[in-house]
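Okay, so here's the structure we're looking at.
The values are calculated or read from the model by the stated rules, or taken from the named source; none is laboratory data. Values in this document were obtained by computation on a predicted structure and should not be read as measured data. Cβ placement follows ideal geometry from the backbone for every residue including glycine, while neighbour counts extend to all protein chains displayed. Accessible surface is based on the protein model in full, side chains and every heavy atom, while ligands, DNA and RNA are left aside. Shrake-Rupley method; radii C 1.70, N 1.55, O 1.52, S 1.80 Å.
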Amino acid sequence: MAEFSTIYKLSIIAFIGFIQACRCTCPVMECWFVQEKPGRGGGLTGATTQEKSLLHIRTDAHSETAETQRAPADINPSRVYVITDPAATLCHPSLNPPRGSIKKPQCEINPFLPQPSSLKWVASLTESALSPIYLQADWFSGSFQGLDEQLGISTISRAPSGTKEHDVILSITSKTMSAKSRLGDPVTLDCSFWVDPSNPLSASGFAVEWRYQTRGDGRLVLAYDGKMDRLADTHEQGASLDFEALHERGNASLLLEEAKVRHSGTYICTVYLPYLLAQVTMDLQIIEPPSLSIHPSSLPLAVPGQTLNVQCEASGFAPLPLELSWEFKGADGKSRSLGSGSVSGHRQAWDGTYSQSTRLELDTSKLDLGRGGEVTCVAVHAGGTRRANVTLNVIGFSSPSIEDSMAMVGVALVLYGLIKFVSWTFTGSGSNEAEGQDKKEK
């Protein structure tokens with residue numbers, strides 16, 4: 001009873017919140033109805049077929065819909081459905097673009113077969129070996145994606161056998177379909193769910209599961225049995241749920257304490273009810289721009305014909321790729337490219353970040369560097385463009401500049417003063433010795 005009370009409260013709260021926040025017109029959506037062809041024998045599964053369908057969304061079974069609107073000629077009348085969604089999740093503006101809009105939300109519905117799960121954190125929901133009579137109906141799963149990936153929704157709906165009026169029993173939403181984070185920042189991957197409180201299956205509790213996958217590699221991040229109030233032993237360190245928000249508002253968002261490179265990938269949030277499940281997927285990308293350093297940090301004075309080597313090191317960035325190049329800004333303020341130099345291969349550090357370097361040969365006789373200027377290393381990365389510079393001074397270039405002339409005059413004056421001082425010192429010392437010798441002879 002305590003579990004039923006929890007789900008009932010979060011369903012009522014979610015229902016009121018959605019109704020108050022979404023005073024908008026529910027959409028009539030074109031959708032793909034996808035199902036598998038019958039098997040060809042030998043345990044093989046046939047190919048899938050897809051047909052265009054039309055969904056009339058409403059929030060109340062007694063409210064009027066635009067069902068009387070004539071369906072497009074390319075849609076079979078048998079694929080026109082009425083979906084009742086009391087939570088108004090499917091009435092989100094991103095699923096209802098303005099008339100005539102080129103961009104359309106994405107939608108797919110499939111037949112769904114209710115069945116118990118053998119997962120340890122879900123098994124407690126179906127302890128009874130008997131399937132409820134309530135399951136004897138037509139079941140469908142729906143997947144929806146709003147414009148510009150604003151929202152992702154997955155639903156499980158039920159229709160009395162042979163009818164085309166579906167009631168949403170379970171819906172799960174995410175507002176972070178494509179999330180980005182800097183390295184080391186906390187991350188929240190949004191996931192919330194709503195359960196029809198009149199659904200008899202809701203009395204048996206729920207379970208939440210988060211999984212990660214990328215490039216064929218997958219792992220369980222976190223799993224929670226809401227009925228037994230128990231976390232699975234295999235949950236990942238640094239990943240957690242807000243259990244109070246989970247039970248009170250259906251907020252199943254995943255909290256990552258500190259973003260690491262290994263967190264980049266696809267995450268799947270799955271919510272289980274007895275015999276039912278719905279899931280949404282979202283992508284997380286950890287993006288860290290490079291730190292640049294130039295060696296040597298201070299270039300020596302160069303003369304025409306001399307070659308200097310300068311190296312730029314980009315470190316601590318993720319993901320690949322990185323584009324490195326060099327620029328030169330002369331005394332006249334004009335910038336020009338010096339090319340990419342000699343670029344090394346990338347190297348991966350223990351924390352998953354990468355480093356890469358480029359070396360540039362500054363041949364003052366070939367590159368037309370004038371009296372020098374500013375040499376800049378440029379790194380272009382998904383996390384932003386970074387720059388580091390060093391000053392190059394070329395002396396003895398063609399006719400001396402005003403600055404060179406002043407410097408040479410200064411050096412000449414210093415040398416002249418030094419010579420005069422040494423001359424005066426030795427001259428004065430010689431006079432004193434001569435005077436002392438004369439006095440002795442007298």
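Assorted remarks:
- Phi-derived couplings, Karplus 6.51 cos²θ - 1.76 cosθ + 1.60 at θ = phi - 60°, listed residue by residue for the range 161-175: 3, x, 9, 10, 9, 9, 10, 6, 9, 9, 9, 9, 10, 9, 9 Hz, with x used for Gly and Pro.
- For Glu323, nonlocal amide neighbours, meaning residues 5 or more places apart or on other chains whose placed amide H falls under 5 Å from its own, are Val380.
- Sparse packing (at most 15 other Cβ atoms within 10 Å of the Cβ) combined with a DSSP loop state is found for the following trypsin sites (Lys or Arg not before Pro) in the range 199-240: Arg215.
- Rounded to whole Hz, the Karplus (6.51, -1.76, 1.60) HN-Hα couplings of the range 250-255, x for glycine and proline: x, 8, 9, 4, 8, 10
- Across Asp217, Asp225, Asp368, the residue with the most accessible area heads the list, and the full order at a 1.4 Å probe is Asp368, Asp217, Asp225.
- Heavy-atom accessible area per residue - the range 208-343, 1.4 Å, Å²: 47
- Modelled spin labels at Glu258 and Met408, positioned 7 Å past Cα toward Cβ, are 6.0 nm from each other.
- Restricting the range 65-173 to GluC sites (Glu not before Pro) that sit in a DSSP loop and have at most 10 other Cβ atoms within 10 Å of their own Cβ leaves Glu127.
- Whether the range 175-316 is rounded, prolate or oblate, judged on the alpha carbon gyration tensor where a/c under 1.5 counts as rounded: prolate
- Remark: the range 280-293, residue by residue, has Karplus-estimated 3J(HN,Hα) of 10, 10, 8, 10, 10, 10, 8, 10, 10, x, x, 9, 10, 9 Hz, where x stands for each Gly or Pro and the curve is 6.51 cos²θ - 1.76 cosθ + 1.60 at θ = phi - 60°.
- Part-to-part distance (alpha-carbon centres) for the range 105-123 and the range 281-357, which is given in Å: 49
- If R0 is 22 Å, the Cβ-Cβ spacing of Ala349 and Arg215 corresponds to a FRET efficiency of close to 0.65.
- Label-to-label distance, nm, for residues given as Phe243 and Tyr416 (7 Å Cα→Cβ offset): 8.9
- The calculated FRET efficiency for Asp185 paired with Ser340, based on their beta-carbon distance and R0 = 35 Å, is about 0.65.
- Förster-model FRET efficiency, 25 Å R0, Gln285 and Thr234, C-beta, rounded to 0.05: 0.50
- Interchain or long-range residues, amide H under 5 Å from Gly226's placed H: Phe206, Ala207, Val208
- Under the shape rule built on the C-alpha gyration tensor, where the axes satisfy a ≥ b ≥ c, the range 65-211 is oblate, since a/c reaches at least 1.5 while a/b does not exceed b/c.
- Calculated SAXS-style log₁₀ I(q)/I(0) at q = 0.11, 0.19 Å⁻¹ - the range 125-256, Debye, Cα scatterers: -0.49, -1.28
- Neighbourhood charge, 11 Å Cβ-Cβ cut-off, centred on Thr266 and excluding it, Lys, Arg +1 and Asp, Glu -1: 0
- Three-way shape label, the range 241-282, alpha-carbon gyration tensor, a/c 1.5: oblate
- Candidates per trypsin sites (Lys or Arg not before Pro) in the range 324-367, loop by DSSP, up to 16 other Cβ within 10 Å: Lys334, Lys366
- Taking only the Cα atoms of the range 231-378, the ratio Rg/Rh comes out at 1.26, with Rh defined as the Kirkwood radius.
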